[in-house]
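To keep things clear, I will list the structure first and then write my remarks on it.
All of the numbers you see were taken from the coordinates with simple rules; none came from a lab. Worth saying up front: this structure is predicted, and the values here are computed from it rather than measured. Every residue, glycine among them, receives a Cβ derived from its backbone with ideal geometry; neighbour counts consider all protein chains shown.
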Amino acid sequence: MSATATPTSLVTRRWTTGFALVWLGIWMAWLVPVQLLLPEQLYDVDRAHRVRDFAVVNGLVGVVSIVALPLFGALCDRTRSRFGRRRVWVAGGVAVFVVGLVLTGLQSQWTGVAACWVLASLGYAMVSAGLTATIADRVPEEQRGMVSGAMFGPQALGIVLGIVAVGAVGPTAGRYALLAAALVLLALPFLAVHRDAGTAAGEPLSLRAVVGGLWVDPRANPDFAWAFAGRLLVNLGNALGTTYLLFFLRDALEVDDPEGALLRLTLLYLVGTVAATLVAGWLSDRTGRRRVFVAVASATQAVAALLLAILPSMETAMVAAALLGLGYGAFLSVDQALVTAVLPDAADRAKDLGILNVGSATPQALGPLLAAVVISSPGGYSGLFALAGLVTLVGAGLVYRIRSVP
């Protein structure tokens, strides 16, 4: 099949399983450090400035992601290799990611943690460039909701499995190494089964071609621009509401066992996310509708955040975790299917998806900077959750500015 052709052949169950497994490894390696290992490591190495340090670390990753995601996507589109375009970037990204994880676990200064986690984020960006483009390359429209569910359904499962697994390992270095090993093992089935479509014809690899292609004119491609804006705001709302959850449990609610409480909340989030991801993606494929699912899913997340702003308690947090899982799971699966329908050029799929992925990755990285400011203000954590809810509601409304997708 031509690399720029619209895919028509259904992907197999074996391919989908491999795709889901590699994402399970990625979510474990990426989100367990963000949710648990990095906050705990910074608490140990620089307790007095742990909130500031965590914000700076994530801010650096955000700045790097803004450049790396579309740049790696453009390079992926123009890669010529006997092993294919996407598979090379997935394998290379896993290798860089693993090195970054292992080195992060060995650091005893917060600056070293920051530098090595940035390296890990480069590996994450490389893997994302290859994997997200495979949906547009290989998956027909009628399966994209389901396959997007296979991409995001393992997210909460990865967090839970990762938290449980690292809890059985003592030293910080061993925890990061365990996640690195899991990433390698879970990536192997996909690398074994996936075969790329042919290399796209077009402008050869050059600095001018790559840099010049990083801009997508929003006036010429308004649906692409609205999809980016909506994704950016919904993910920003999610980042504001979840990134400092461990600190919220420890410092605001003062629960006796914050790590145990985080695990319970994550389990509730897991149930909601897995159910919503699989069901919403399937329903969206069956009905052919995307926007209404994205809007309702985003509004559900907003309700979860506003509940915590109004009634901050462990009981409310449990209800909010379930709602957030339902909303975010449905949003992830259907929004990914939606954005593959607004890509401007089939020859630049990985690059354009890299730009859209900035709307997912950057809020997760830069959100802690804004959250740290809000937490330090008189509004505290209630103000933080209120802001998260309002931002998410605005993002929910923007999906109806997209005209080319039902």
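Quick notes on this structure:
- In degrees, nearest ten, helix 222-242 long axis to first principal axis of the chain (Cα): 20 degrees
- Taking all Cα pairs closer than 8 Å and separated by 6 or more residues, the relative contact order of region 230-363 comes to 35 percent.
- Reported label for calculated Rg/Rh (Cα atoms, Kirkwood Rh) given (1) 0.97; (2) 1.05; (3) 0.95: (3)
- 0 to 90° range, to nearest 10: angle between helix 86-105 axis and the chain longest Cα axis: 20 degrees
- The relative contact order of the chain, computed from alpha carbon pairs under 8 Å that lie at least 6 residues apart in sequence, is 28 percent.
- Packing rank of 305-315, 264-274, where each peptide gets the mean count of other beta carbons within 10 Å, highest leading: 264-274, 305-315
- Chymotrypsin sites (Phe, Trp or Tyr not before Pro) within region 19-90: DSSP coil, no more than 15 neighbouring Cβ in 10 Å: Phe83
- Most to least packed among 290-302, 226-238 [average Cβ atoms within 10 Å]: 226-238, 290-302
- Taking region 282-346 and dividing mean pair separation by its residue count, relative contact order in percent (alpha carbons under 8 Å, at least six apart): 42 percent
- Note on region 262-307 and region 386-406: Cα centroid distance 15 Å, given to the nearest whole angstrom.
- What the Cβ-Cβ distance of Arg82 and Leu106 gives, at R0 = 35 Å and to the nearest 0.05, is a FRET efficiency of 0.50.
- Length added when fully stretched, Val394-Val99, from 0.36 nm per residue minus Cα-Cα: 102.3 nm
- Virtual spin-label span in nm between Arg13 and Val271, 7 Å along Cα→Cβ: 2.7 nm
- The residues Asp53, Asp352, when put in order of fewest to most other Cβ atoms within 10 Å, stand as Asp53, Asp352.
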